[in-house]
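Everything below concerns the one structure shown next.
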Amino acid sequence: MDKARAVVTGGAGFLGSHLCDRLLAEGIDVVCIDNLLTGSLTNIEHLFGVKGFAFENYDVTNFIHVAGRVDFVLHFASPASPIDYLELPIQTLKVGSLGTHKALGLAKAKGARFLLASTSEVYGDPLVHPQPEGYWGNVNPVGPRGVYDEAKRFAEAMTMAYQRFHGVSTRIVRIFNTFGPRMRARDGRVVPAFISQALAGEPLTVFGDGSQTRSFCFVDDEVEGIIRLLFSEIPDPVNIGNPAEMTVLQFAETIRRLVGASVPIEFRPLPVDDPKVRQPDIGQAMAYLGWQPKVPIEAGLLRTIEYFRSLLDRGAGPER
Ligand code: NAD
Ligand code: UDP
């Protein structure tokens, strides 16, 4: 029998590249489409020459044509770090809206299953804690983060419309803060920020008083949850994240200890609309996917620190 074939938009990014690896390991051919806006060919260079893998440098806000069979479309293209989407507000809105529309159109044309990479940001600065999928969120549409949050909320609405109106088989994963190898050292997200600062002997920049909380999931766990959702029969959004919640200040102290760096902590102004708390309610994922995270945060952090160390050892300067 012919092999199944998946299209991964944003496949040269952090999460997308891990998904390409996993899909290939599952025996599924992969077409990775990425315009390298925030991703990098280094994330997928090991896949060039691998049978069943193809890469196309393309902006998915335009009509997407893929010749031949497509069984799955995984739409992961989008700037994801606050620094990136604040620098790229229009591209972020376009890839969440126009890009989602084009990716859904491809899935419809091919009779493929579609999976949207949504985000905990659809809950905004949440008034319900932890956040279950039934919570509608508290988002400021006109604040600087609105370009990302509202694009993803639109993307979810568009996905549900294709499911209900066109009968496309769709899945929506709400991803909570995920970290691991292949993040850009200086993408501004807190995990690579603190690790690269600690490794460089620089102060750790804690925004606000550091009392805001986040819940961090290691990439291997996240990918496992996404793959289980893809192969499940759940048409509604599902949270995939690690409920282990901590304050940003606790997180800075953890990184300092794990890196073994005696660097100071420097407090900086809190960005506008920075959510005060965030923690996934993973009851749905546990009940319907039999999924829960397995990698303890410190084990995941040690692997990520090792990755950033190896980049430094290879003389790779911090990427922008
Ligand atoms: P990333 O920036 O590493 O990857 C995004 C990829 O999308 C990049 O390779 C980029 O070049 C590509 N891209 C952007 N616009 C494009 C366009 N118009 N056409 C083609 N490619 C385009 O970010 P990531 O952390 O890997 O995030 C991947 C997805 O997961 C995003 O949709 C993001 O919103 C979602 N997500 C991630 C997290 C997380 O913690 N990492 C949390 C919630 C949601
Ligand atoms: N943060 C910080 N210092 C940094 C980068 C981020 O204190 O150098 C904080 C940020 O204000 C937020 C949390 O860490 O409260 C997580 O930020 P990130 O950009 O990783 O993702 P977010 O969850 O806000 O989308």
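Data overview
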{"read-out": "In the range 255-270, the residues that are assigned to a helix (DSSP H, G or I), open to solvent by 40 Å² or more (accessible area, probe 1.4 Å) and more than 16 Å from ligand 2 (Cβ to nearest atom)", "value": "R257"}
{"read-out": "Residues located in the range 66-94, provided they are near ligand 1 (Cβ under 10 Å from one of its atoms), crowded, with 23+ Cβ neighbours inside 10 Å and modelled with pLDDT of 95 or more", "value": "L74, H75, F76, A77, S78, P79, A80, T92"}
{"read-out": "Residue in the range 117-127 that is in contact (Cβ under 8 Å) with a residue 12 or more places away in the chain, more than 29 Å from F63 (Cβ to Cβ), open to solvent by 30 Å² or more (accessible area, probe 1.4 Å) and touching a strand residue (DSSP E or B) at 6+ places or on another chain (Cβ under 9 Å) present", "value": "yes"}
{"read-out": "Conditions (1) buried (at least 21 other Cβ atoms within 10 Å of the Cβ); (2) within 23 Å of F308 (Cα to Cα); (3) among the hydrophobic types (A, V, I, L, M, F, W, C): number failed by L36", "value": "(1)"}
{"read-out": "Output for the range 184-222, where each listed residue is part of a strand (DSSP E or B) and more than 9 Å from ligand 2 (Cβ to nearest atom)", "value": "S215, C217, F218"}
{"read-out": "Tally, over the range 271-287, of residues that are more than 13 Å from P130 (Cα to Cα) and in a loop (DSSP other than H, G, I, E, B)", "value": "4"}
{"read-out": "Any hit, the range 102-113, residues being part of a strand (DSSP E or B) and open to solvent by 10 Å² or more (accessible area, probe 1.4 Å)", "value": "yes"}
{"read-out": "Only one of S17, S97 that is surrounded by fewer than 22 Cβ atoms within 10 Å (Cβ to Cβ), assigned to a helix (DSSP H, G or I), out of contact with any Ser or Thr (no Cβ under 8 Å at 6 or more places or on another chain) and in contact (Cβ under 8 Å) with a residue 60 or more places away in the chain", "value": "S97"}
{"read-out": "Count - residues of the range 39-63 that are open to solvent by 50 Å² or more (accessible area, probe 1.4 Å), farther than 18 Å from A155 by Cβ and either near ligand 1 (Cβ under 9 Å from one of its atoms) or part of a strand (DSSP E or B) (or both)", "value": "4"}
{"read-out": "Qualifying residue in the range 122-141 (condition: assigned to a helix (DSSP H, G or I) and within 24 Å of I282 (Cβ to Cβ))", "value": "yes"}
{"read-out": "Residue within the range 64-79 that is closer than 20 Å to L229 by Cβ, in contact with a helix residue (DSSP H, G or I) (Cβ under 7 Å, 6 or more places away or on another chain), small (G, A, S) and part of a loop (DSSP other than H, G, I, E, B) present", "value": "yes"}
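The values are calculated or read from the model by the stated rules, or taken from the named source; none is laboratory data. Because the structure is predicted, anything quoted here is derived from the model rather than measured. Quick reminder, even Gly has a Cβ in these numbers, built from the backbone with ideal geometry, and neighbours come from all protein chains shown. Calculation scope for accessible area: heavy atoms of the full protein, side chains included, ligands and nucleic acids excluded. Shrake-Rupley method; radii C 1.70, N 1.55, O 1.52, S 1.80 Å.
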